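Data first, discussion second: the structure below is written as structure tokens.
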Amino acid sequence: MPEEKLTIDHENLPTKLGIEFVTKFYRLFKGAMIYDRRNVVIDRLTQECLQVIHDTLQAEGNLYFKIVRDNFFFNNIRVIVKADRYPIFKAFWQEMRRRRIGEIEFSAEMGPENLKDLIYLFTGLEENNESNYLYIQKQLECRNIESVHVDKLESFKDEDIYIDSEDQRRYSKGVYFKAIGLVKEVVESIHQQKALNIRKAKRLMQNAVNAVMQDDSTLLGLANIKNYDEYTFNHSVNVAIYAIALGQRIGIPKKHLSHLGMAGLFHDIGKTKIPKEILNKTDKLSPEEWSMMRFHPVIGTEIIMRMKEWGELSTRMINGAFEHHLRYDLTGYPRLTRKKKITLFGRIITIADFYDALVRPRVYNRFPYVSEKILGIMLERSGKDFDPAIVKVFINMIGVFPLGTLVLLNTNEMGIVTQIHEDTELIDRPKVCLIYYSDGEYRRGNVVDLREADQGAEGFKRSIVKTLDPNEYNINVAEFLI
Ligand SMILES: [Fe+2]
Ligand SMILES: [Fe+2]
């Protein structure tokens, strides 16, 4: 069960060393992307990384790190990552994957300069070049560095490997809009009492999981855009995407993630039985109308229970539908006669649902809250409405500046957040697509990384000064994001 993954025994030494190694190696790697090799920061990070390598060689005689699919092996033992370290592992995984490197082995101690050689070779690699590992091997040979060996990333037939990020974005976009189409179909088939196409939904959620695992920025970006017209359909898809991305970050295994996506996609299925006049009512609901509204988790549960062909999936989907308004402390609805603990799926979907419901405009919420404010509300209600541990991970995932946020930089440039770095320390330094005004419209400029250091001066080249409202500038964020 997914719950088990969250309470891991870190006592075992290889796991501990493995986690230390990835953390230190990734920090050095990240440092090397910003600073040059004579910088004092690099010296310190190199020393820290050498220390773990040293400790591992002392304890185990060898250090062998390998990535297989989305798993990490350290000296042939699978490293199970706790939620707090997950962002670093995910970021490291993505960097390695982009460079098509899957194995690193240290067989003897090495000096700081050699480790620096290795790290700068890594940062300088081309993306998606299958022969990167040969290049590094050759370079290490030229420098007489024999104690390190790197190898390519193994690829598997059933894995979706994207050749370039453009393809990947297109793929993610396809998944998103197909999912919206599917939700429409589902709503129709319920109205017409036809059977649902469950296989299609399952396949789509598997694709969504693949896309999120590869790089969740496009899907999260699409989910974050607020100016869609068809709230209901988008809402279901967004909840599925937030749930998958969140589930992934807290370590839910891949095979359960698509179930989580299904549970997210169908969490409000009970609303299909509520009259449209009530769903779309702009005025305040009467007490009777409210009580009908509040009945949708129960109706949803009934609908799902009637689908016999859903098998083991149905319990998980029921969790999503039945529990998403219950709240962590059970003060929500439906009222329960007996206390129960909300399932992990239920807790995740509650968070995804709450955020998406507040962030976008809809009939009874004309002015969408900015996400900063919603995250603040969520933090405030953490432990009451929401599972505190999962809320923390969620806030981290959405970031201070969510994807698609329009921002003003200290250079007086305007930009749109297109990628958030996984590392919490850099959460306020996303990648930003600059936009400029020319010939009567806003145009796309370069994508800049706010981690970039200012040459010749301390600090960073660009920083965010404040967020701007795209409506005020008549900017269609979606156009710049995909
Ligand atoms: Fe709901
Ligand atoms: Fe909902």
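The values are calculated or read from the model by the stated rules, or taken from the named source; none is laboratory data. Computed from a prediction, not measured in an experiment: that's the story for all the values here. All Cβ positions, even for glycine, are placed from backbone atoms using ideal geometry, and neighbour counts span all protein chains on display.
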Only one of (1) at pLDDT 85 or above; (2) away from ligand 2 (no atom under 13 Å from the Cβ); (3) surrounded by fewer than 21 Cβ atoms within 10 Å (Cβ to Cβ) does not apply to ARG294, and that is (2)
Take the conditions modelled with pLDDT of 85 or more and either part of a helix (DSSP H, G or I) or away from ligand 2 (no atom under 16 Å from the Cβ) (or both) and apply them to PHE367. Does it pass?
no
For the stretch 333-349, enumerate the residues that are in contact (Cβ under 8 Å) with a residue 40 or more places away in the chain, within 16 Å of ligand 2 (Cβ to nearest atom) and closer than 21 Å to VAL393 by Cβ.
ILE342, PHE345, ARG347, ILE348, ILE349
Among ILE53, ILE67, which is at negative phi and in a strand (DSSP E or B)?
ILE67
In the stretch 423-470, how many are more than 26 Å from VAL22 (Cα to Cα), surrounded by 12 or more Cβ atoms within 10 Å (Cβ to Cβ) and in contact (Cβ under 8 Å) with a residue 60 or more places away in the chain?
4
It is to be established whether one or more residues within the stretch 376-395 are modelled with pLDDT under 85 and crowded, with 16+ Cβ neighbours inside 10 Å.
no
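Anything in the stretch 299-317 that is over 19 Å from ALA357 (Cα atoms) and either within 14 Å of ligand 1 (Cβ to nearest atom) or exposed (fewer than 12 other Cβ atoms within 10 Å of the Cβ) (or both)? List them, or say none. If you could, list the steps in order and put the result at the bottom.
First, pick out the residues of the stretch 299-317 that are over 19 Å from ALA357 (Cα atoms): 299, 301-317.
Passing the criteria: ILE299, THR301, ILE303, ILE304, ARG306, LYS308, GLU309, GLY311, GLU312, MET317.
Filter the stretch 239-291 down to the residues that are among the basic types (Lys, Arg) and more than 13 Å from ligand 2 (Cβ to nearest atom), then identify the one that is modelled with the lowest pLDDT.
Here is the first cut: in the stretch 239-291, the residues among the basic types (Lys, Arg) are 249, 254-255, 271, 273, 276, 281, 284.
Filter again for more than 13 Å from ligand 2 (Cβ to nearest atom), leaving 249, 254-255, 273, 276, 281, 284.
Numbers: ARG249: 85, LYS254: 85, LYS255: 84, LYS273: 88, LYS276: 84, LYS281: 79, LYS284: 85.
Residue satisfying both the conditions and the ranking: LYS281.
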Kindly indicate whether any position in the stretch 28-36 is in a helix (DSSP H, G or I), more than 22 Å from the chain's Cα centre (by Cα) and β-branched (Val, Ile, Thr).
yes
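Determine if the stretch 337-351 includes at least one residue that is more than 24 Å from VAL212 (Cα to Cα), within 15 Å of ligand 1 (Cβ to nearest atom) and β-branched (Val, Ile, Thr).
Just the residues of the stretch 337-351 that are more than 24 Å from VAL212 (Cα to Cα), to begin with: 337-342.
In the following step, the residues that additionally are within 15 Å of ligand 1 (Cβ to nearest atom) were identified as 342.
Checking which are β-branched (Val, Ile, Thr) leaves us with 342.
So far as the stretch 337-351 goes, yes, one or more of its residues are more than 24 Å from VAL212 (Cα to Cα), within 15 Å of ligand 1 (Cβ to nearest atom) and β-branched (Val, Ile, Thr).
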Within the stretch 305-317, which residues are away from ligand 2 (no atom under 15 Å from the Cβ), of a type in the set (A, V, I, L, M, F, W, C) and under 16 Å from LYS202 (Cα atoms)?
MET307, TRP310, LEU313
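Condition (residue is part of a loop (DSSP other than H, G, I, E, B) and surrounded by fewer than 18 Cβ atoms within 10 Å (Cβ to Cβ)) applied to the stretch 87-100: is it met by at least one residue?
Step one: filter the stretch 87-100 for residues part of a loop (DSSP other than H, G, I, E, B), giving 99-100.
The next check asks that each one be surrounded by fewer than 18 Cβ atoms within 10 Å (Cβ to Cβ); those that pass are none.
Checked against the condition, which is being part of a loop (DSSP other than H, G, I, E, B) and surrounded by fewer than 18 Cβ atoms within 10 Å (Cβ to Cβ), the stretch 87-100 yields no hits at all.
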How many residues, within the stretch 318-336, are over 15 Å from ASP268 (Cβ atoms), over 25 Å from the mean Cα position of the chain (by Cα) and within 13 Å of ligand 1 (Cβ to nearest atom)?
0
Quick check on this structure: which one of ARG451, ARG429, ARG443 is more than 16 Å from the chain's Cα centre (by Cα), farther than 26 Å from TYR26 by Cβ and of a type in the set (Lys, Arg)?
ARG443
Quick one: in the stretch 209-232, which of the residues that are more than 16 Å from HIS421 (Cβ to Cβ) and in a loop (DSSP other than H, G, I, E, B) is modelled with the highest pLDDT?
ILE225
Need the failing condition index for LEU115 against (1) modelled with pLDDT of 95 or more; (2) of a type in the set (A, V, I, L, M, F, W, C); (3) surrounded by fewer than 15 Cβ atoms within 10 Å (Cβ to Cβ), just the number.
(3)
